[in-house]
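Since the structure comes first, as structure tokens, the remarks are kept for the end.
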Amino acid sequence: MQTAQGIARSADGTGIVFERSGDGPALVMVDPAGGYSGFDNIRGLGALLAADFGVYTYDRRGRGESGDAEVYAVEREVEDLAALIAEAGGSASVYGFSSGALLALHAAAAGVPIEKLVLFEPPVRDEGAPPETAFTAEIAALVAAGDRAAAADRFLTAIGVPPEVIEGMAPVRPAFEAVAHTLVYDCVISDATDFDLLRSVRTPTLVLDSQGSSDDLTGGAAAIAGALPDGTLRTLTGEWHGVPDEHLAPVVAKYLR
């Protein structure tokens, strides 16, 4: 299938590199923490969905070929997503994985023209729990000290990635550590996500989780689906924080149709 590449210009002038494949209604896909074209989590799913949709994947700011700014703010990433949707024709559905799903929720809450949302296991703290700003500061300090490997290790273990999964990442760890500074960005997004924001999102949303995930992830998915005014939860057969693309694609496609 033919793939086209391009650059969307965000509101602050930052260039956001994207790829488009397939035809049909526009679907923008948002990577999780550490995900980008060099450390892929969603593009295999996107390739399957391109049979029915015009699929846009992109390097979030600070990752891969996309630009960045000296000071990070969640609003800049919302503007990046808005720029992608403008490139896609002015409105689109959005698929977000993990913390990428949180970014999609922020965009919907800000009024970015999103037709439907599909969110896979967006992580959320318990309602009323304070933001984990100390953890965010810890990751930022490790990055500032130049210890990207330690920042990556601390982040992965803190979010509950099983040891065997971390060990299996060894061949692609350099690509992950190359964007370790953006782990701070995802921490900031998480800190900025609360239930008041969730209740403001009117976009029809399908929240997905895996039977093989940990209780914090499945519980968070259920809490988000329950807080959204038009949220639906569906549990699929899979492993920790993942469902095989060939099983996930038809579920996503059916909902978006």
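The values are calculated or read from the model by the stated rules, or taken from the named source; none is laboratory data. Only a predicted model underlies this, so the values are computations on that prediction, with no experimental measurement involved. Quick reminder, even Gly has a Cβ in these numbers, built from the backbone with ideal geometry, and neighbours come from all protein chains shown. For accessibility, only protein heavy atoms count, side chains too; no ligands or nucleic acids. Shrake-Rupley method; radii C 1.70, N 1.55, O 1.52, S 1.80 Å.
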Task: Top-ranked residue of the stretch 155-168 - restricted to ones that are in contact with a helix residue (DSSP H, G or I) (Cβ under 7 Å, 6 or more places away or on another chain) and surrounded by fewer than 17 Cβ atoms within 10 Å (Cβ to Cβ), ranked as farthest from residue 214 (Cα to Cα) - done: 166
Task: Count - residues of the stretch 87-112 that are assigned to a helix (DSSP H, G or I) and not hydroxyl-bearing (Ser, Thr, Tyr) - done: 11
Open item on the list: Exactly one condition in (1) open to solvent by 20 Å² or more (accessible area, probe 1.4 Å); (2) under 20 Å from residue 16 (Cα atoms) is false for residue 74; which is it?
Closed with: (1)
Open item on the list: Quick check on the stretch 126-138. Is at least one of its residues open to solvent by less than 60 Å² (accessible area, probe 1.4 Å), at negative phi, in contact (Cβ under 8 Å) with a residue 40 or more places away in the chain and part of a helix (DSSP H, G or I)?
Closed with: yes
TODO: Only residues in the stretch 145-167 that are on the phi < 0 side of the Ramachandran plot count as the first member; pair them with residues that are open to solvent by 60 Å² or more (accessible area, probe 1.4 Å) and in a loop (DSSP other than H, G, I, E, B), Cβ under 9 angstrom, at least 6 apart or cross-chain, and list the lot.
DONE: 151/145; 158/132
TODO: State which residue is surrounded by the fewest Cβ atoms within 10 Å (Cβ to Cβ) when the search covers only the stretch 49-64 and only residues that are in a loop (DSSP other than H, G, I, E, B) and on the phi < 0 side of the Ramachandran plot.
DONE: 51
TODO: Within the stretch 215-257, work out how many residues are surrounded by 15 or more Cβ atoms within 10 Å (Cβ to Cβ), in contact (Cβ under 8 Å) with a residue 40 or more places away in the chain and not in a helix (DSSP H, G or I).
DONE: 3
TODO: State whether one or more residues within the stretch 139-154 are more than 14 Å from residue 32 (Cα to Cα), part of a helix (DSSP H, G or I), hydrophobic (A, V, I, L, M, F, W, C) and touching a Cys at 6+ places or on another chain (Cβ under 9 Å).
DONE: yes
Task: Leading residue by the ranking (surrounded by the most Cβ atoms within 10 Å (Cβ to Cβ)) among those in the stretch 1-18 that are more than 17 Å from the chain's Cα centre (by Cα) and in a strand (DSSP E or B) - done: 8
Open item on the list: Against the definition (open to solvent by less than 10 Å² (accessible area, probe 1.4 Å), more than 15 Å from the chain's Cα centre (by Cα) and within 15 Å of residue 5 (Cα to Cα)), how does residue 46 come out, yes or no?
Closed with: no
Open item on the list: I need a count of the residues in the stretch 235-257 that are over 18 Å from the mean Cα position of the chain (by Cα) and either more than 21 Å from residue 42 (Cα to Cα) or not aliphatic (A, V, I, L, M) (or both).
Closed with: 10
Task: Test: residue in the stretch 19-41 that is more than 22 Å from residue 208 (Cα to Cα), open to solvent by less than 10 Å² (accessible area, probe 1.4 Å) and either hydroxyl-bearing (Ser, Thr, Tyr) or part of a helix (DSSP H, G or I) (or both) - done: no
Open item on the list: With the requirement that a residue be over 16 Å from residue 220 (Cα atoms), open to solvent by 10 Å² or more (accessible area, probe 1.4 Å) and out of contact with any strand residue (DSSP E or B) (no Cβ under 7 Å at 6 or more places or on another chain), what does the stretch 188-205 give you?
Closed with: 188, 200, 202
- [ ] For residue 98, work out the one condition from (1) in contact (Cβ under 8 Å) with a residue 60 or more places away in the chain; (2) on the phi > 0 side of the Ramachandran plot; (3) surrounded by fewer than 22 Cβ atoms within 10 Å (Cβ to Cβ) it doesn't fulfil.
- [x] (3)
Open item on the list: Is it the case, given these coordinates, that residue 174 is open to solvent by 50 Å² or more (accessible area, probe 1.4 Å) and without any contact (Cβ under 8 Å) to a residue 60 or more places away in the chain?
Closed with: yes
